[in-house]
Amino acid sequence: MAFFASTILAVVWYKFMPVWITPLMVTRTMQQIGEGHMPRMHHSWVPLDSMPDDMPKAVMASEDQLFLEHHGFDFDAIQKAIKRNKKAGKKKFGASTISQQTAKNVFLWQGKSWVRKGLEMYFTVLIEFVWGKERIMEVYLNSIEMGDGIYGVKAVAQYNFDKEPDELTKRDCALIAATLPNPRKFSSKEPSQYMRKRQRWIVTQMKYVKWK
């Protein structure tokens with residue numbers, strides 16, 4: 001009962017309050033210190049209305065095109081990922097939705113285990129029911145890792161584009177979304193040819209994504 005009460009209370013709290021820090025931010029900071037580096041954590045909260053509509057459209061085009069249609073889980077994508085993983089060998093393909101990624105980033109630790117995956121599903125159901133799609137997107141875009149020590153749209157806009165969030169163009173948003181599979185490997189500040197190719201693909205896909 002204490003577990004259910006505390007987790008539900010946390011989800012209700014974050015329905016209204018900004019998420020200033022996440023377990024991932026703490027983990028990355030500890031990793032930086034462990035590697036002998038000065039800790040870097042750039043993060044500021046910005047309301048969804050202060051971002052261009054192209055930002056949620058870009059991450060939906062890149063990460064979860066059925067975000068507005070599913071209830072937290074894309075079962076077709078999960079089935080496809082299972083089939084691909086059987087043939088892929090060591091390389092594994094995921095099928096996490098934006099809702100699942102948000103639940104994991106805000107409430108859980110990193111890593112792979114059945115316990116963590118079960119809790120991820122539990123929190124995904126909770127935030128879908130309590131928050132709704134706009135709030136999930138708002139928290140996602142404010143908390144997701146978008147570079148080394150950079151979290152959220154405002155920080156990446158300022159540090160990688162020298163802009164405020166509402167000044168980001170469609171191509172800027174697509175480039176940010178292009179880094180999300182691995183934002184510490186792929187840079188939106190110094191994009192490779194591969195990033196530019198993904199950016200162009202995302203811009204094209206954004207034509208078919210509806211937001212609001």
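Worth a mention:
- Simple point charges give the picture: +1 on the Cβ of Lys and Arg, -1 on the Cβ of Asp and Glu, and for the chain a dipole about the Cα centre of about 1200 debye.
- In this structure segment 128-186 gives 37 Å² per residue of accessible area when probed at 1.4 Å with all protein chains present.
- Spin-label model distance (nm) - Ser192 vs Glu167, 7 Å beyond Cα toward Cβ: 2.9
- Note that segment 3-74 presents 55 Å² accessible area per residue, ligands and nucleic acids not counted, probe 1.4 Å.
- Exposed loop sites here mean GluC sites (Glu not before Pro) with a DSSP loop assignment and at most 13 other beta-carbon atoms within 10 Å; the chain contains its longest site-free run at 70-212.
- Point-to-point label distance, Met38-Phe16, nm (Cα→Cβ direction, 7 Å offset): 3.9
- From helices alone, the chain scores -18000 deg cm²/dmol at 222 nm; the rule is -39500 (n - 2.57) for each run of n ≥ 4 DSSP H residues, then divide by the residue total.
- Contour excess over end-to-end distance, with Cα ends at Gln31 and Lys207 and 0.36 nm allotted per residue: 59.5 nm
- By the compact-protein rule of thumb, 2.2 N^0.38 Å, the alpha-carbon radius of gyration of segment 158-212 corresponds to a ratio of 1.12.
- In the assembled protein chains, Leu68 presents an accessible area of approximately 80 Å² (probe radius 1.4 Å).
- Of the accessible area of the chain, computed with a 1.4 Å probe over protein heavy atoms only, carbon and sulfur atoms account for 58 percent.
- Pairs of Lys residues in segment 153-212 that lie 8 or more places apart, or on two chains, and have C-alpha atoms under 17 angstrom apart add up to 12.
- Calculated P(r) of segment 97-179 - Cα pairs past 16 Å, %: 55
- Over the chain: Kirkwood hydrodynamic radius from C-alpha pairwise inverse distances, Å: 17.8
The values are calculated or read from the model by the stated rules, or taken from the named source; none is laboratory data. Just so it is clear, the model here is predicted, and its values are computed rather than measured. Note: ideal-geometry Cβ built from the backbone for every residue, glycine included; neighbour counts use all protein chains shown. Note: accessible area is taken over every heavy atom of the protein model, side chains too, but ligands, DNA and RNA are not part of it. Shrake-Rupley method; radii C 1.70, N 1.55, O 1.52, S 1.80 Å.
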